[in-house]
Structures are given as structure tokens and as C-alpha cells.
1. Once both axes come from the Cα atoms, what is the angle between helix 94-107 and the longest principal axis of the chain, in degrees from 0 to 90, rounded to 10?
2. Would you mind checking the tilt of helix 60-69 against the longest principal axis of the Cα atoms of the chain, expressed as 0 to 90 degrees and rounded to 10?
3. Quick check for you: with a 1.4 Å probe and neighbouring chains kept, what is the accessible area per residue of the chain, in Å²?
4. Net charge near T14, counting Lys/Arg +1 and Asp/Glu -1 over other residues with Cβ under 9 Å of its Cβ?
5. Hey, if you drop one equal point scatterer on each alpha-carbon of region 171-252 and run the Debye formula without solvent, what base-10 log of I(q)/I(0) do you get at q = 0.11, 0.15, 0.25 Å⁻¹?
6. Using Stokes-Einstein with the Kirkwood hydrodynamic radius over Cα pairs, what translational diffusion coefficient do you get for the chain at 37 °C and a viscosity of 0.692 mPa s, in µm²/s rounded to a whole number?
7. In Å and whole numbers, how far do the C-alpha atoms of region 66-203 stretch along each principal axis, longest first?
8. Cβ neighbours within 10 Å, averaged per peptide: list 100-110, 157-167 in order, most packed at the top.
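The values are calculated or read from the model by the stated rules, or taken from the named source; none is laboratory data. Only a predicted model underlies this, so the values are computations on that prediction, with no experimental measurement involved. No Cβ is skipped: glycine too gets one built from the backbone with ideal geometry, and neighbour counts run over all protein chains shown. Just the protein is used for accessible areas: all its heavy atoms, side chains included, with ligands, DNA and RNA removed. Shrake-Rupley method; radii C 1.70, N 1.55, O 1.52, S 1.80 Å.
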Amino acid sequence: MRLFVGLDVSLAKTAICVLSEHGKIIKEAEVASEPEMLVRWLGDLDGRIAAIGLEAGPLSQWLHRGLKEAGLGAVLMETRQAKGALKAMPIKTDRRDAEGIARLLHLGWFRPVHCKSVSAQEVRAVLGARKAVQQSMIALEMSLRGLLRNFGLRVGAISRGKFERRIRELADGNPMLEIATEPMLRARAALRLELTTLEKQVRQLAQNDPVCRRLMTIPGVGAVVALTYRSAVDDPARFTSSKRVGPWVGPT
């Protein structure tokens, strides 16, 4: 008997629903969101697993990879399409979502998405860390500007290297402003140092990748853009034509 398995993944637990080839619920359960636990539970099923479906998400790629390595036919389902179908269900629970995913899998009414390779996910993690540090530093700079603006002190257009000195000049002579700005300036200096380190690592990653080096020959394309595009596409063979990449990225 062919079985269709729907997984509704959350941080701690994964709801499982198993359907028969006739659409009848065979078994339901809830296990820890760990590949080993899922493989062990699925291995006890009586029947041949035709497909295992789970929505694409933060944990899904890790679980998908673990299931694939165990020889199970797992497929990542496009999130917006799955959510649109599950939204029609009157009662929203993890158990019902798992059943809905299993039924979408059974009917074939889903769009599979590419599971990125480990190397692509690692590059995206570095890029994500760089962006988080950069945004935190910018947020501190904007907060400092706003704090001084309340007292009629305007920082104005200034380079990153002269920003700290300019803030100290404006706060000089006001003990309360010095108390307020000093910790923020120290935090900004630490973030700026870490951002510089991450920028060097990003540039090195791009230089070590022949595809990124080729992309960087295009005017206006630097290490960040090249790595972002490279890790997003990951496997060019999944596109039947280069013309399909543009609409996939967004420009149509």
C-alpha cells in the first residue's frame, strides 16, 4: 500500500499525518523536530512511502536533507501555495495542517521548491550575519542622530570614519548627553569592527569562487551581490532556460 505523509513542522514538535492511496487517514502522531526521530517513526510504518511533504521554512531544509539522506522521498512544498490551500480549512491546528499537507501531496496539488545545498546555506548565513550587524550599526547611528536632534544638535552629512568624533563634539560640555552617547558609541565601534571582519570574509568567499569572480566582472556587481545571486540560484541545472531566472528572481 502506497502512503502519503504530511509533516507540519514547528520549532519543538512536528505533526505527522499518514494517508493511504485512497485518501484515508492511516496514522497520526507528533514527534520531536529532529531528522533521526522522524526517520525512526516513519520506518515503523506498514506500507511503502510514496512521498513525504513539508512546507518550505527555516527548519524544513534541514529536516528535508535528513530524510533524503535516509533514502526517503521527501519534497519541499511552495509555502504560499500550501498556505493558500490550508487557509480554507475551518479549524487551524498543527494536526489539521499536517492532514492538509498530506492531502495536497496525495492529490498532487503542490509546487515543489528547490532545497538549497549546505554550501549555499552556509554562504547565506554569512551574508545574513553581515546584514544583521550592518543594520544594527545603522540603527545605532540613527538613534544617536535622533537623540541629539531633540536638543537642536544636528549631525549632518558625514562619513562613517568621522561620525564618532562629530557626536563627541556635539555632546561635549553636556554631562547628561555624554552619559547617553558614550555607551552607544562604544557599541557602534564594536559593531563596526565586526562588520569590517565580515566584509573581509565575504570578499574572500567571492574571490575563492570562480562563478562569483565572473559575475564581478559585470559593472556594478560586487562581492555581496555576486554571492547573494550565486547562493540563491545554487544549482543552475534546475532552470531549463536562462530566461526563467529573471521571473524567478522577481523582475518580469
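1. Compared with the principal axis, the helix lies near 60 degrees.
2. 50 degrees
3. On the way: 14870 Å² over 252 residues.
Computed with neighbouring chains in place, this is 59 Å² per residue.
4. Details: positive: K13; negative: D8, E30, E34, D94.
Charge balance in the 9 Å sphere: -3.
5. Log10 of I(q)/I(0), two decimals: -0.52, -0.69, -1.17.
6. The Stokes-Einstein estimate is 148 µm²/s.
7. Cα spread of region 66-203 along its principal axes, largest to smallest: 72, 39, 23 Å.
8. Numbers: 100-110: 19.5, 157-167: 12.7.
So the order, starting with the most tightly packed, is 100-110, 157-167.
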